[in-house]
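Enquirer: Before we start, here is the structure in question, set down as structure tokens.
Laboratory data are not the source of any read-out in this text; all were calculated from the coordinates shown. These numbers were taken from a predicted model, which means no experiment stands behind them. Methodologically, a virtual Cβ is constructed for each residue, glycine included, from the backbone with ideal geometry; neighbour enumeration extends over all protein chains shown.
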Amino acid sequence: MKVSLPLAALAATAHAHYTFPALIANGATGAEWSAVRQWTGFQSNGPVTDVSSLSIRCNVGASTKSAPQTVSVAAGSTVGFTAKADISHPGPMLFYMAKVPAGQTAATWDGSGEVWFKIYQDGPNFGPKRALTWPSQGATSQSVKLPASLPSGEYLIRAEHIALHSASSSGGAQFYISCGQINVTGGGAGTPGPLVAFPGAYKATDPGIMINIYYLVPTTYTQPGPAVWKG
């Protein structure tokens, strides 16, 4: 009896959390952690909660840990991540990218500096009786169309879901993050931006990060981070 209760509690906690373990590209889903950096402790499905930590970039230990593969994808095509288990918490889904500097590769680069730009974000729907619904909640995958003018080259692509169910105090928001490795082909001459760094792009008190979504139910939502670059 002393063992069964903690195990049941652990199982319930793990079920409520999720990871983004596999890249979806060119109409196919890759093996888990083949083109996505496997972060330390991924088995826990646990979130990052400190926006000032290095873990906010690619998850725990993943900035300096490469994935075995880098997948080639065309500019303007759709790239996604699987969600395991489904995205059970309310909150926004965001995608960022960072171009690998000359002389490095997506497998070796740590993603440091003001190099990240946002290519997608979703927000809540404000329904009857001021109830919020989130497009990504309950999904088993999330995808984004790469801008057609995205320059060719290797990139890290960062999937981030921010769970807001406990976000009414500083440090309560939960960040579910993965970084994939891609090589963009057939790109254009766009200039992505604004550029931000992780850590650095967010503060724990940003209105889209520290927010009570239940009382009083908000009628607006301010996305954290920079504006979306549309290419």
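Enquirer: Given that compact globular proteins tend to follow 2.2 N^0.38 Å, what is the ratio of the alpha-carbon Rg of the range 100-176 to that value?
Expert: Cα-based Rg divided by the globular estimate yields 1.45.
Enquirer: If I model a spin label as a point 7 Å beyond the Cα along the Cα-Cβ vector, how far apart are those points for residue 204 and residue 52 in nm?
Expert: 0.7 nm
Enquirer: In deg cm²/dmol and to the nearest 500, what is the mean residue ellipticity at 222 nm of the chain if only DSSP H runs of at least 4 residues count, each as -39500 (n - 2.57), divided by the residue total? The partial results should precede the final answer.
Expert: Numbers: 2 runs with 17 residues, N = 231.
Per the formula, -2000 deg cm²/dmol.
Enquirer: Which of the peptides 117-128, 89-100, 28-39 is most tightly packed, and how do the rest follow, going by the mean number of other Cβ atoms within 10 Å of each residue?
Expert: So the peptides 117-128, 89-100, 28-39, ranked by packing, come out 89-100, 28-39, 117-128.
Enquirer: Could I ask something else about it? Obtain the nm distance between the two label points defined at residue 85 and residue 66 by a simple spin-label model: each point lies 7 Å from its Cα along the Cα-to-C-beta direction.
Expert: 3.6 nm
Enquirer: What percentages, rounded to whole numbers, describe P(r) for the chain computed over all alpha carbon pairs with 10 Å bin width beginning at zero?
Expert: Spelled out per bin, shortest first, that is 8, 33, 37, 17, 4, 1, 0.
Enquirer: Okay, next question. Which whole-number percent gives the relative contact order of the range 4-185, counting Cα pairs below 8 Å spaced six or more residues apart?
Expert: Worked out over the range 4-185, it gives 29 percent.
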